[in-house]
1. Hey, can you tell me all the residues within the stretch 36-61 that are touching a Phe, Trp or Tyr at 6+ places or on another chain (Cβ under 7 Å) and among the hydrophobic types (A, V, I, L, M, F, W, C)?
2. Determine which member of the set G356, G329 is in contact with a strand residue (DSSP E or B) (Cβ under 9 Å, 6 or more places away or on another chain) and either of a type in the set (K, R) or open to solvent by less than 50 Å² (accessible area, probe 1.4 Å) (or both).
3. Based on what the data block shows, is D407 on the phi > 0 side of the Ramachandran plot and either modelled with pLDDT under 90 or buried (at least 19 other Cβ atoms within 10 Å of the Cβ) (or both)?
4. Residues in the stretch 325-345: is at least one β-branched (V, I, T) and either on the phi > 0 side of the Ramachandran plot or assigned to a helix (DSSP H, G or I) (or both)?
5. Check R140 against each of (1) in a loop (DSSP other than H, G, I, E, B); (2) modelled with pLDDT of 85 or more and name the one condition it does not meet.
6. Is the stretch 203-221 home to any residue that is acidic (D, E) and modelled with pLDDT under 95?
7. Residue under question is D36, and the condition is that it be more than 24 Å from Q254 (Cβ to Cβ), modelled with pLDDT of 90 or more and part of a strand (DSSP E or B); does it hold?
8. If I go through the stretch 368-384 residue by residue, how many of them are free of Cβ contacts under 8 Å to residues at least 24 places away in the same chain and either buried (at least 17 other Cβ atoms within 10 Å of the Cβ) or of a type in the set (D, E, K, R) (or both)?
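The values are calculated or read from the model by the stated rules, or taken from the named source; none is laboratory data. Remember, it's a predicted structure, so these values are computed and weren't measured experimentally. Glycine gets a Cβ as well: all are built from the backbone with ideal geometry, and neighbour counts include every protein chain shown. For accessibility, only protein heavy atoms count, side chains too; no ligands or nucleic acids. Shrake-Rupley method; radii C 1.70, N 1.55, O 1.52, S 1.80 Å.
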Amino acid sequence: MIPQNDIYRRADLRAQETYWRNRLGGDVRAPQLYLDHPRPPVPAFLRADVSQDLDRQLCQRIHDLCGRANSTLDVFLLAVLETLLFRYTDQEDFIVWSLSSDSLQRLDSRAPEIFTNPVTLCANLSGDPSFVAFLDRLARNVREAATHRDYPFEKIQRDRNIQQTNISRIMFALVGMPTVISAEPITEDHLDDAAEYINQCDLVFLLTSTAGNLTVTCQYDAELFEASTIHRLLGHYETLLRGIVAQPTAKLSQLPLLTELEQKQLITEWNDTKIDFAKDQCVHELFEAQVEKTPSAIAAVYEDQQLTYRELNNRANQLARYLQKLGVGPDVLVGICMERSIPMIIGLLGILKAGGAYVPLDSGYPKDRREFILRDAQVSVLLTQSGFGEESGSSMDGADARSGVLDSRIQLV
């Protein structure tokens, strides 16, 4: 290891310090992920991992797209991860960490000493760019970070409060091949050397490239996440990969995220709400059956008012009997002009219980429109509310008078 004091005294790092101060600005922005469990006040750093192999055909398409886009594999895979975090959190500006490695030959030892330094990578997904446009933007940011990678990560932590406990720490590393950040391939020895930093992370994405194949491993804090959540996350990562290689010019917000199983569950299974009702029963009869089952349960709530099934049924029956006295029965239409409220529900049920059919009238209609509906439907009874329509000069009264067919106007309260 290079002694920290010696590193700080190196003149070329003063420019890097200035870069990081300007690049990170104030408080560090981190992806605010939803956790399965509350973050404990004293973390135990319980680590677990889930791995997933990508099929060879997908890997080949990824390499082909990297070639066409003039992108390195590490930047491409990092761009997919940052797209996933953007879709999860709706944050356009956040950081993730990566690893830079060196093997230093000490004068007093024949074996090289491993030195691994985390590098802060700033993601900027503002403007919802296409994936290829974002890939170019990210490549420039990664090259800048690589140029300033020697600045000690511990000092960035202290200067920018990265050690605070309420942020999500996420690390990315491509294992087994050189990257823009690390000219020397990351190995298991480098990961062991970086264990202090890795253990601080909520999620660590390790992508291993072997003979053209890719394996995605997600190490995670088992105090915060369930294994099922990580499996789902890796499924979303693969779905994004497939969507990107199929349509790299699509905007980030338009790329597919849900797996086929999740799409089936969301579109088909959760919407499979079909229920077989008795064909010989009307709506009000089904309501009466529910009254028999749960008479004391709350049936309707509006603002500070509520009625049980029994109370609603009794008031609807009372209205139905009165409507029948007025001649309402089969083939008789009853107008109803009321705001959405409990009296409106009573009115609808009362009309149906009386054997009639209702004709809805919107008080926002022009007077001529309401007059035409009343006249054309031959409505003889109108249900309304006390004071309803007063805002427009009691225009309902005017419509009632000119309709020529209205016999009764009933106000419900």
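1. A48
2. Checking each option against the conditions leaves just G356.
3. The answer is no for D407.
4. The answer is yes; a qualifying residue exists.
5. Unmet condition: (1).
6. Looking through the stretch 203-221, at least one residue is acidic (D, E) and modelled with pLDDT under 95.
7. Against the criterion (more than 24 Å from Q254 (Cβ to Cβ), modelled with pLDDT of 90 or more and part of a strand (DSSP E or B)), D36 does not qualify.
8. The qualifying residues number 3.
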